[in-house]
1. Do we find a residue being in contact with a His (Cβ under 9 Å, 6 or more places away or on another chain) and within 14 Å of another protein chain (Cβ to nearest Cβ) anywhere in the range B:38-47?
2. Is there any pair linking a residue in the range B:9-21 that is at negative phi to one that is part of a loop (DSSP other than H, G, I, E, B), with Cβ under 6 Å and at least six apart or on different chains, and which?
3. Go through the residues of the range A:104-120 one by one and say whether even a single one is closer than 26 Å to A:Arg164 by Cβ, at pLDDT below 75 and under 18 Å from the mean Cα position of the chain (by Cα).
4. Could you please tell me which pairs satisfy a Cβ distance under 6 Å, a separation of 6+ or placement on different chains, a first residue in the range A:52-67 that is at the interface with chain B (Cβ under 8 Å from one of its Cβ atoms), and a second residue that is surrounded by 16 or more Cβ atoms within 10 Å (Cβ to Cβ) and charged (D, E, K, R)?
5. Would you say A:Ser73 is open to solvent by less than 10 Å² (accessible area, probe 1.4 Å), away from every other protein chain (no Cβ under 14 Å), in a helix (DSSP H, G or I) and at pLDDT 90 or above?
6. For B:Glu66, work out the one condition from (1) within 14 Å of another protein chain (Cβ to nearest Cβ); (2) open to solvent by 70 Å² or more (accessible area, probe 1.4 Å); (3) not hydrophobic (A, V, I, L, M, F, W, C) it doesn't fulfil.
7. When the range A:118-150 is examined, which residues are found to be part of a helix (DSSP H, G or I), aliphatic (A, V, I, L, M) and touching a Leu at 6+ places or on another chain (Cβ under 9 Å)?
8. With the requirement that a residue be touching a residue at least 12 places away in the same chain (Cβ under 8 Å) and open to solvent by 20 Å² or more (accessible area, probe 1.4 Å), what does the range B:22-39 give you?
Amino acid sequence: MTDFLSAPYAAAAERSQPMTREEFEAFYRETAPGLRSYIRRITGNHDDDLLHDAYVRLLGVRTSHLEPRQVRSYLYRIATTILCDRWRRVRRHRAWQAETAYLAGDHQPDLPESGFARCFGQLELRERMMLWLAHVEGLEHKEIAGVMALRSASVRVLLFRARRRLERILRENGWEQA
Amino acid sequence: MNIEVELRNLRAADEARPLPSSGAIWWRAEIDRARRSRARASRPFAFLQAVSAVAGVAGALSLWSENGVDWMAAPLAVLAGVLVWKLYSFDIPTCKP
């Protein structure tokens, strides 16, 4: 598992520097569209606050010792952690109906959804994250494991199941050869 | 139907919406960083402040126990406490957003 907080990374981070403004601008231009789309498709809403929070937290750590691909994985890990924290908080306050609907998948989308997006929204939160990271962001199993705090071997199995489940949902909704 | 292609189409559909400004994120991070460094810089002063407050209270108690309680000295003790508190409450400017 790629643990960015493990001892070797922590030691290198001590000698490392935070991003400069120019580096951040370039990194933001490259990664923000993808991260925003990830948040949009996982939560069901355009949540720019979550996007802000993820980048602010990333800027708070030293990353010059990491490869660009690792920094991107780290960003997704931060966003996923924030998202899961919010989800847990919302679960604890079930009475807050609007918020519960926000992450449960039965939300009122803020954009008209295509049939495929509706089917994708029926998956569990973790399944959606995994499929998106693997098939849209092109992350390797090891990187997904790092982002979602799972074992690499578990990712392979869970990804396979998520894919099968999406195919079943698509078939049930009339998509041919799903 | 290809799931990868459909997912990438979803991503492409999201790109029409303009991105939030990166400058706002940068400055929010700078303010956070400044707040953290100010908290870190003021930690030794907070420690000194606590030690001084404890020493002041212990001194006042010992004087009162030796000489008997003099209630006229109470406002002076309060003033001394406030002075010690203010003395160590520095505002260290580290960032001007």
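The values are calculated or read from the model by the stated rules, or taken from the named source; none is laboratory data. Values in this document were obtained by computation on a predicted structure and should not be read as measured data. A quick note on method: Cβ atoms are made from the backbone with ideal geometry, for glycine too, and the neighbour counts reach across all protein chains shown. All accessible areas refer to the heavy atoms of the entire protein, side chains included, with ligands and DNA or RNA removed. Shrake-Rupley method; radii C 1.70, N 1.55, O 1.52, S 1.80 Å.
1. At the first step, the residues of the range B:38-47 found to be in contact with a His (Cβ under 9 Å, 6 or more places away or on another chain) are none.
Among the residues of the range B:38-47, not one is in contact with a His (Cβ under 9 Å, 6 or more places away or on another chain) and within 14 Å of another protein chain (Cβ to nearest Cβ), which makes the answer no.
2. B:Arg11/A:Val136
3. Looking through the range A:104-120, at least one residue is closer than 26 Å to A:Arg164 by Cβ, at pLDDT below 75 and under 18 Å from the mean Cα position of the chain (by Cα).
4. Sorted first by the residue in the range A:52-67, then by its partner, the pairs are A:Val56/B:Arg28.
5. On the way: open to solvent by less than 10 Å² (accessible area, probe 1.4 Å): yes; away from every other protein chain (no Cβ under 14 Å): yes; in a helix (DSSP H, G or I): yes; at pLDDT 90 or above: yes.
Taking the combined requirement at face value, the residue satisfies it.
6. (1)
7. In the first step, residues of the range A:118-150 are kept if they are part of a helix (DSSP H, G or I); the result is A:118-121, A:125-135, A:141-148.
Cutting the leftovers down to aliphatic (A, V, I, L, M) gives us A:125, A:129-131, A:133-134, A:144-145, A:147-148.
Hits for the range A:118-150 are A:Leu125, A:Met129, A:Met130, A:Leu131, A:Leu133, A:Ala134, A:Ile144, A:Val147, A:Met148.
8. Our first condition is that a residue be touching a residue at least 12 places away in the same chain (Cβ under 8 Å); within the range B:22-39, this holds for B:27, B:30-31, B:33-34, B:37-38.
Hits for the range B:22-39 are B:Trp27, B:Glu30, B:Ile31, B:Arg33, B:Ser37, B:Arg38.
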